[in-house]
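Here's the structure we're looking at; comments come further down.
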Amino acid sequence: MTREHLQAANRALLDAIETPPETGMEAELDDLAEQLWYLATEKERPPDQGRLERVQYRLTVLREQVHGRRSELVARAIDEICACREQAQAAV
């Protein structure tokens, strides 16, 4: 289930990138979306908590710099990462 949360976070970020207006944050959002896609689909082992925390922190900072629908989508990605982290901690 953790991979599904990461895929949902990736989709939210891709939607945020496509949401106008352009703010200059698209490249960073794309980088984070790419990292989440890698963790969800290509990495064999589950992602470590430190890496997820770093991605979550970067998204929290970005959320303060964007507005409207884009901010909502970034918040959704953060929520999905939180759910993924909680699920991973519960499995330990």
Each label sits 7 Å from Cα toward the beta-carbon; between GLN89 and ARG69 the label points are separated, in nm, by 3.3 nm
Sequence gap at least 6, Cα distance under 8 Å: using those rules, report the relative contact order of the chain to the nearest whole percent.
46 percent
Helix-derived mean residue ellipticity, 222 nm - over the chain, DSSP H n ≥ 4, -39500 (n - 2.57), to 500:
-25000 deg cm²/dmol
Can you work out ³J(HN,Hα) from phi for every residue in segment 82-88, in order, using Karplus 6.51 cos²θ - 1.76 cosθ + 1.60 and θ = phi - 60°, giving whole Hz and x for Gly and Pro?
4, 4, 4, 5, 4, 5, 5
Under a point spin-label approximation (7 Å from Cα along Cα-to-Cβ), what is the GLU26-TYR57 distance to one decimal in nm?
2.8 nm
Taking 0.36 nm per residue of separation between GLU18 and GLU44 and subtracting their Cα-Cα distance, the length gained on full extension comes to 6.4 nm
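Laboratory data are not the source of any read-out in this text; all were calculated from the coordinates shown. All values reported here derive from a predicted model rather than from experimental measurement. Neighbour counts run over all protein chains shown; Cβ positions are idealised from the backbone, glycine included.
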